[in-house]
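Notes for the one structure printed next.
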Amino acid sequence: MICVVSALAGCGGGGASAPPVTLSSIAISPDPVYIGIGTTLQLAATGTYSNGTTADLTSQVTWTSANSAVATVAASGVVNAVGASGATTTISASLGSVIAPAVTLTITSAVSVSSYGLNFARYDHTATLLNDGTGRVLVAGGYNNVALASAELYDPATAKWITTNGNMGVGRRDHTATLLSTGQVLLIGGGTASGDLDSAELYTPSTDTWVSYPHILTTTRSYHTATLLNPLVNGGKDLVLVVGGSVPAPGSTAITADLYEPSIAASAVAVPDSSPRYSHTATLLANNSVLVAGGFDSAAASVLATAELFDPMGTTEQQTDNLKTGRYLHSATLLQDGRVLVVGGLDALGNALASAELYDPTAASGSKWTSTGNLTIPRFGHIATLMPNGQVLVMGGRNASNPTLSSAEIYDSATGKWSGTANLQTGRAVYSATLLNKGTNAGSVLVVGGEGTVNGNYVVLSSVEIHN
């Protein structure tokens with residue numbers, strides 16, 4: 001017997017008909033919506049069905065704005081902010097009798113607009129603002145099916161990208177990029193398909209050239225940190241402190257950090273480190289010491305609340321107060337008053353965190369960490385940028401509800417509170433964000449590449465935005 005099965009009926013043989021699959025609910029994202037005055041933003045509607053499946057219904061639902069004088073919404077789900085900054089309305093979507101919970105839309109003075117895209121889509125790359133007076137940004141490496149050896153430069157005068165003169169010696173992802181006092185950029189470690197790297201690459205902007213340095217580190221590293229110590233307390237020398245990283249190379253048992261002097265191109269020197277970790281943060285403090293906080297200890301399979309301080313020469317390490325909450329894949333930002341703001345991340349149970357805390361290096365032992373306001377939306381793998389006015393802009397990342405967030409929030413250190421600001425045009429994680437200092441967009445943040453999602457599938461992004 002030949003039978004055609006529909007979603008609403010079973011077929012022959014006397015068996016019971018399968019229950020019909022029906023639309024149970026609709027969810028709008030992002031939620032809430034923050035949109036820059038005079039700009040547009042694509043919304044999405046996701047349907048959940050009675051059998052647990054989901055589908056993109058953005059083009060099928062009927063979109064409605066409660067106040068078209070504030071924002072209009074097209075049949076495609078593109079919302080247009082036509083009202084004044086601070087104005088609010090709600091946006092809803094329906095399909096048949098199923099109506100999505102309305103989301104609140106707020107118009108902001110901040111905007112995020114698309115710019116010229118990368119030549120090569122990538123994520124897990126680095127981005128470095130050069131100090132050669134041009135305001136250019138070097139984007140290097142990353143991943144797109146393979147670890148990338150290519151690099152490109154953003155020119156703020158034209159808002160366009162040009163590839164560097166030649167590639168790095170080897171493709172790498174999850175590496176670090178450190179701007180040296182010479183204006184050169186030092187890339188260290190990272191990963192490839194064949195394993196983690198112990199090599200380095202040095203980029204010289206004045207000649208647009210790369211030089212490779214194999215086997216510089218004492219062990220292979222990725223998901224590590226690399227911090228330029230203050231040359232003024234190191235005899236004018238550039239010293240880079242490399243801390244942590246993923247599981248060391250087979251046979252390596254030393255618990256050490258690396259201290260590397262790029263000017264002599266010799267191998268790095270091992271320095272003691274009592275707390276192996278990766279996906280942590282390292283912050284150069286105003287007193288020239290380096291605060292290393294949180295992370296994941298692969299040997300103990302544990303999320304760390306511990307924190308340590310390396311001295312200004314990078315040769316000795318000591319424990320400092322523990323974080324209030326152990327976390328990794330978080331952010332750490334040095335505030336203008338000398339405190340360090342640690343935000344989000346993943347906890348020991350794998351939950352995305354909304355909590356934030358402040359480290360005060362001048363406080364007494366036992367009280368250096370204090371809690372501050374929580375994020376509106378928990379996240380990890382985001383980026384935090386210190387803005388010229390002293391506020392901190394947090395964008396993107398992931399959480400259990402959304403693998404590529406478009407939401408953005410601003411932290412006010414004077415009040416300890418967060419407020420929403422303009423959503424990114426595209427939700428993204430493992431991207432880069434760089435505060436520009438030249439051109440018409442000086443003071444804005446250049447948001448580059450990363451991993452996005454389309455119809456529930458991960459995609460590598462070449463798109464670029466300017467968040468102002």
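Laboratory data are not the source of any read-out in this text; all were calculated from the coordinates shown. It should be emphasised that the depicted structure is a prediction, and the values quoted were computed from it without experimental measurement. With ideal geometry, Cβ positions are generated from the backbone for all residues, glycine too; neighbour counts draw on all protein chains shown.
Over region 360-416, one equal point on each Cα, no solvent: what is log10 I(q)/I(0) by the Debye formula at q = 0.20, 0.22, 0.28, 0.31 Å⁻¹?
-0.83, -0.92, -1.11, -1.20
Output the Kirkwood hydrodynamic radius of the chain, Cα pairs only, in Å rounded to one decimal.
Its Kirkwood hydrodynamic radius stands at 23.8 Å.
Dimensions of region 139-188 along principal axes (Cα, Å, largest first)?
If we take the Cα atoms of region 139-188, the spans are 31, 26, 18 Å.
Note down the relative contact order for the chain as a percent, whole number, built from C-alpha pairs under 8 angstrom at least six residues apart.
11 percent
Pull out a ≥ b ≥ c, the square roots of the eigenvalues of the alpha-carbon gyration tensor of region 23-108, then state rounded if a/c is under 1.5, prolate if not and a/b is larger than b/c, and oblate in the remaining case.
Since a/c reaches 1.5 and a/b is larger than b/c, the shape of region 23-108 is classed as prolate.
Take each of the peptides 228-240, 441-453, average the number of other beta-carbon atoms within 10 Å over its residues, and list them starting from the highest.
The densest-packed peptide leads the list: 441-453, 228-240.
Determine, for each peptide in 411-418, 352-359, 213-220, the mean count of other beta carbons within 10 angstrom over its residues, then list the peptides with the highest first.
352-359, 213-220, 411-418
Specify whether the C-alpha gyration tensor of region 319-367 places it in the rounded, prolate or oblate class, a ≥ b ≥ c being the square roots of the eigenvalues: rounded for a/c under 1.5, otherwise prolate if a/b is larger than b/c and oblate if not.
Note, shape of region 319-367 comes out oblate.
Using only the Cα atoms of region 331-450, what do you get for the radius of gyration and for Dmax, in Å?
Just the Cα atoms of region 331-450 yield Rg and Dmax of 14.4, 46 Å.
Which FRET efficiency, nearest 0.05, do Asn230 and Ile99 yield, Cβ-Cβ r, R0 60 Å?
For R0 = 60 Å, the calculated efficiency reads 0.55.
In straight Cα distance, which lysines are under 19 Å from Lys160, not counting same-chain residues fewer than 8 positions off?
Lys438
How big, on average over all directions, is the shadow cast by the Cα convex hull of region 271-339, in nm²?
4.6 nm²
Over all pairs of distinct alpha carbons, what does the Kirkwood formula give as the hydrodynamic radius of region 393-443, in Å?
Computed over Cα pairs of region 393-443, the Kirkwood hydrodynamic radius comes out at 12.4 Å.
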